[in-house]
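Notes follow once the structure below has been shown.
The values are calculated or read from the model by the stated rules, or taken from the named source; none is laboratory data. The structure presented is a predicted model; accordingly, all values stated were derived computationally and were not measured. Please note: Cβ atoms are built from the backbone with ideal geometry, for glycine as well, and neighbour counts cover all protein chains shown.
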């Protein structure tokens, strides 16, 4: 099952760009199926924290800590993008009420 | 006693002479605290305590937890009229002013940040205690104090910035009078090696965010205190309280991100990043937070009556 198909393209691209900037990598290296713990991305716990903060800042949302064991389902770039898309849409619905 | 393995910033500190390290701390530690107090007012409690509160329930708010901490420090120190209190690294005066407002002691503080001194003195005047509160911008190792001239020496979230720990404890013991009290509230490494102390996250928090930090084992600090001639009276673990305190601070950074960025671009990011590293470290107990009380000679406070604070004070009432 590929849940990444439902992520709005704008958000997916922004998330990929922010991850690439945080890790100082070309954006082509950051595909949606790349794993966060993959050696190729070179992301350590500080990198994950910086990413967390950069995404909160960019989308004006609150995210759970990626590095905690309570977040085992956030494994790939696509998982992050799906999480962000979910938070952004919850925020938009909340704002409309 | 096993000494904590030295981190990179510590190894660098050991290559400096004591005078060079003092200059280094003066410069790099002050930097963080020289940021606009307006920013810290958005993130911390109303008294600007930049150290852990005391939570007895995980759903409490920051103000309640910090009020309980102030009351607990007051109870542990049991300051008598006219007693002289020195707060080393007094910040914006949270403990110093609380104690000045709630006891009849005479209060002296030092900080490395001129802006912290100004704000603390402004608050002292507002609280009507300025005639009993004196604050200087000075490094602890530059204090030339009379032996046996103080009844209380306090370090709250500050001794972690000081490298020459052993010498500092000797100096503290020298300036304390008999029955004098030393109180430290700060961060320690567990004796059992957990977590990666050479990680980029460690470096980020110790150097990039906070200038200079040296974490030792609790047993090392207690050893320094004992060898300086003081008796350990009480040690309290506040590790889980610090994780909760940091969670509240991080939420406040989130709520005020735009306002913080307008004053100091990039600073909200630095705060949230270093506070998250710290929060996760305390949550995983790769770093520990303790409040230590020691006395010179016979303690003023009866240890048998611990917990010291009476129930009314424990609610964090003013």
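Looking at segment A:33-60, which of its residues are in contact with a strand residue (DSSP E or B) (Cβ under 7 Å, 6 or more places away or on another chain), assigned to a loop (DSSP other than H, G, I, E, B) and surrounded by 13 or more Cβ atoms within 10 Å (Cβ to Cβ)?
Those that are in contact with a strand residue (DSSP E or B) (Cβ under 7 Å, 6 or more places away or on another chain), assigned to a loop (DSSP other than H, G, I, E, B) and surrounded by 13 or more Cβ atoms within 10 Å (Cβ to Cβ): A:34, A:36.
Can you confirm whether residue B:231 is surrounded by fewer than 21 Cβ atoms within 10 Å (Cβ to Cβ) and either in contact with a strand residue (DSSP E or B) (Cβ under 8 Å, 6 or more places away or on another chain) or at pLDDT 95 or above (or both)?
Yes; evaluated as a whole, the condition is true for this residue.
Mind listing whichever residues of segment B:59-96 are assigned to a helix (DSSP H, G or I) and in contact with a strand residue (DSSP E or B) (Cβ under 7 Å, 6 or more places away or on another chain)?
B:73, B:76, B:77, B:95, B:96
Okay, residues lined up against (1) facing chain A (nearest Cβ under 9 Å); (2) under 22 Å from residue A:61 (Cβ atoms); (3) buried (at least 21 other Cβ atoms within 10 Å of the Cβ):
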| position | (1), (2), (3) |
| --- | --- |
| B:251 | yes, yes, no |
| B:260 | no, yes, yes |
| B:266 | no, yes, no |
| B:281 | no, no, yes |
| B:290 | no, no, no |
| B:293 | no, no, yes |
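Checking residue B:52 against (1) touching a helix residue (DSSP H, G or I) at 6+ places or on another chain (Cβ under 8 Å); (2) farther than 30 Å from residue B:72 by Cβ; (3) not in a helix (DSSP H, G or I), which single condition isn't satisfied?
All conditions pass for residue B:52, except number (2).
Of the residues B:120, B:148, B:124, only one is assigned to a helix (DSSP H, G or I), touching a strand residue (DSSP E or B) at 6+ places or on another chain (Cβ under 6 Å) and more than 28 Å from residue B:24 (Cα to Cα); which?
After ruling out the rest, the residue left standing is B:124.
In the list B:82, B:93, B:109, which residue meets the criterion of being more than 18 Å from residue B:122 (Cβ to Cβ) and either free of Cβ contacts under 8 Å to residues at least 60 places away in the same chain or crowded, with 23+ Cβ neighbours inside 10 Å (or both)?
Sole residue among the options that is more than 18 Å from residue B:122 (Cβ to Cβ) and either free of Cβ contacts under 8 Å to residues at least 60 places away in the same chain or crowded, with 23+ Cβ neighbours inside 10 Å (or both): B:82.
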